[in-house]
Each structure stands twice: as structure tokens, then as C-alpha cells.
Amino acid sequence: MKADFTPGTDWKEQIAPDEAERFAGYARQFAALQARKSRKYGAGRALHRKQITAASGSLQVLDDLPDFARQGLFARPATFDVQVRLSNGGMDRAADRTPDIRGFAIRVLGVEGDAALGNGPARSQDFTLINQEQFAFPKSDEFVAFVLAAAGGGGALLKFLLKRYGLFGGPARLLKLVSSVGKPFGGFATEPLFSAVPIACGPYAVRVRLVPAGANGVATPGAKEDWGADFSARLAKHHLQWELQLQPFVNEGLTPIEDASVNWPTPYTTVARLNLPRQDTGSARGQALAAEAEAGVFDPWQALAEHRPLGDVQRARKVVYFESQKGRGAA
């Protein structure tokens, strides 16, 4: 029997009574980790510390979108200025060839509407994307525990995994994580990127995907030695383009809001095109943009109310990201 993929609006968030207290604890733990790493590397983020490069361009919202997509930022055809920040996901400033999660953050400027945080007009609509279609963990508690253990080194991480998942489950979990982080990656211009977790889209809920255009080219051998050089060389020669797509919630069984480890099976719909015109990231203007991106904020909660982040992982981000921003003087 064919599954019903009709977009639904009956999604619900499940907020535990102790959530605020737990999230505040996560924020304190990440703040301490961030401070320790900043003493080693200089002021920076707790995660996605190493910026690869930054660029500017535009997001063109398309016409004739389906009802579930025609909300908020995508309510009508328009073109917005954007800034993007590319990064490695780790807490250290490791070599690019080191296995890691890769991040592609987009800040859409010039939006109009109330902010998701309820603190006045939205300043931008941000999307934070990674090269993984779903999280390795269903909830924020497991993710936080993993990151804190990993910060202690390989021995501490293995001890944590054995204690939490058992003699057989621990190694299996480690293998899954190594496989996830070590997933082949060809470069920021040639690989799809994903929100991995949902946001609201008016009364609907969606996940986000960024798909590179074929004209961006294919992966270059050796690009992992310097992701920034690979991306900048492409951008110096010609413009780069991606399709921004939305994937709808249909029901809790197939597309859960609270379990970030489940990969939704619903189809994606293209709603906009991200365009980065030809530019020199090494120029004075390019370096100024890179400095602005490094000092700035790319946060899924820096969003329109119509695109409020959803689910346990996203709610934890609200608290942890804000503490991280304060820790580096960005908030």
C-alpha cells in the first residue's frame, strides 16, 4: 500500500517538565567547553569553530509553490540578499582532511515579519545546514553527552559509549558515529546539505535541503586538503547555484518532530534558488565579509515566527546557541 505523503498540520511538540532546567545545564556545559577551546584557539564558537570561507549572493523565491511551502519567507516571489558561512563542525581548528561534519549556514536579509523569538521584527531568516540528512542522536541529551565525552579524547569517549550503550552497544554506536562523520564529502559546491531537523512553515512543518546545480561542477580530487581554496577557486571562475527545497511533515509515524534521528521519507519541493555570483573571497571585500561572518550570528532561531524551529534538538539550540554567542561577544 502506497504511503500517504499529503502535507499535514497536526504536528505537535512534546515539551518535558524539566526541559528548561536541562537546557540551561547544557548551555553551562557548552560555555565551559567553549571557554576552554577559546583559550587554545582564540575567541570562537563552541561548535563549527573553524570557518572555511564566506560569500554573498541572493535567494530567489519561486512562484506557483504548493500551499505547504507558500508560507513566511516563501509566501510570494521575491529576491533577498544573503550571506553564507561555510565551516567544519568540530570544536577544534583541525586540518580540513580530518573527518568532520561540514556546515553551510545561510543568512537571508531584508525579511519582514515577527521574529521566532518573540522579541520584535525578525532581523533575518537563517538556515543552518550540514552534510547529514538526519542527526546521529534522537534527542539533545545524547548529543550533548557525546560532545562532552568527545572533548575528553578517545579514551573518555569510548568509556562513555560503553557505559551508556553497553559492551556490545557501545562499539556499535562508535562504528555508526565514525561512519557518519567519515561520510565521503566532495566539497561545499558539489554536495547536498540538510537542516536534518524541522522548522515550522506557517501551520505546516518542514525540513530543508540545499541541492547544488550541475553547473557547479564535480568534486575535485584533493579538495579535502583545503575546502576553502576549492570553493573560492570555483567562485572566482563562475557563479554558483543551488536549489533550496522543503520536505513536509505528513504524520508523526513517518515524519516525527521530536526524534531527530529519523530520516523523513517525504519528497522535497524546490521553493527557491540560492545564487552566489562570481567573487574573489581573498579580496579586501571578501576578507571583510569573512570577518563579518566570523563575528556574526547564524542561528536557526534568528528566524521569522512562521519558520520557528521545532523539536527537542531545536529547542535546546535556542538556549545553547545564545550562551555561546554571549561567550564570544556576539550577543
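Worth pointing out:
- Being within 17 Å of Q314 (Cα to Cα), open to solvent by 40 Å² or more (accessible area, probe 1.4 Å) and touching a residue at least 12 places away in the same chain (Cβ under 8 Å) is true of V262.
- Selection status of S38, more than 22 Å from V211 (Cα to Cα) and among the hydroxyl-bearing types (S, T, Y): yes
- Test: residue in the range 170-180 that is within 24 Å of A55 (Cα to Cα) and either touching a residue at least 12 places away in the same chain (Cβ under 8 Å) or not small (G, A, S) (or both): no
- Test: residue in the range 43-63 that is free of Cβ contacts under 8 Å to residues at least 24 places away in the same chain and surrounded by 15 or more Cβ atoms within 10 Å (Cβ to Cβ): no
- Answer residue from the range 99-143, given it is among the hydroxyl-bearing types (S, T, Y) and not in a helix (DSSP H, G or I) and is least open to solvent (accessible area, probe 1.4 Å) among those: S124
- Top-ranked residue in the range 159-189 [being of a type in the set (G, A, S) and part of a helix (DSSP H, G or I); ranked as most open to solvent (accessible area, probe 1.4 Å)]: S179
- Cβ pairs under 6 Å, 6+ apart, first in the range 217-244 and over 21 Å from R93 (Cβ atoms), second part of a helix (DSSP H, G or I): T220/D230; L240/N216
- If you go through the range 243-271 and pick out every residue that is in contact with a helix residue (DSSP H, G or I) (Cβ under 8 Å, 6 or more places away or on another chain) and hydrophobic (A, V, I, L, M, F, W, C), you end up with 3.
- Within the range 291-320, residues that are at positive phi have Cβ atoms under 6 Å from residues that are at pLDDT 95 or above and open to solvent by less than 50 Å² (accessible area, probe 1.4 Å) in these pairs: G311/V197; G311/P198; G311/I257; G311/E258, counting only partners at least 6 apart in sequence or on another chain.
- L33 meets all of the listed conditions (1) free of Cβ contacts under 8 Å to residues at least 60 places away in the same chain; (2) closer than 30 Å to S179 by Cβ; (3) more than 19 Å from the chain's Cα centre (by Cα) but one, namely (1).
- Test for S232: is it within 17 Å of Q83 (Cα to Cα), out of contact with any Leu (no Cβ under 8 Å at 6 or more places or on another chain), open to solvent by 20 Å² or more (accessible area, probe 1.4 Å) and hydroxyl-bearing (S, T, Y): yes
- Taking (1) under 30 Å from L254 (Cβ atoms); (2) in contact with a Ser or Thr (Cβ under 6 Å, 6 or more places away or on another chain) in turn, L86 satisfies each apart from (1).
- Of all the residues in the range 31-57, those that are of a type in the set (D, E, K, R) and assigned to a loop (DSSP other than H, G, I, E, B) number 3.
- Test: R28 is within 21 Å of A331 (Cα to Cα), open to solvent by 40 Å² or more (accessible area, probe 1.4 Å) and in a helix (DSSP H, G or I): yes
- In the set A189, A136, A122, A116, only one residue is among the hydrophobic types (A, V, I, L, M, F, W, C), touching a Ser or Thr at 6+ places or on another chain (Cβ under 8 Å), touching a residue at least 40 places away in the same chain (Cβ under 8 Å) and within 26 Å of V84 (Cβ to Cβ); that residue is A136.
- Number of residues in the range 72-94 that are open to solvent by 40 Å² or more (accessible area, probe 1.4 Å) and touching a residue at least 40 places away in the same chain (Cβ under 8 Å) equals 2.
- Of all residues in the range 290-318 being surrounded by fewer than 21 Cβ atoms within 10 Å (Cβ to Cβ) and more than 16 Å from the chain's Cα centre (by Cα), the one that is farthest from Q247 (Cα to Cα): A291
The values are calculated or read from the model by the stated rules, or taken from the named source; none is laboratory data. In this text the structure is predicted, and so the values were computed from the model without any measurement. Neighbour counts are summed over all protein chains in view; Cβ atoms, including those assigned to glycine, are modelled from backbone coordinates with ideal geometry. Remember, those area values only see protein heavy atoms, side chains included, never the ligands or the DNA or RNA. Shrake-Rupley method; radii C 1.70, N 1.55, O 1.52, S 1.80 Å.
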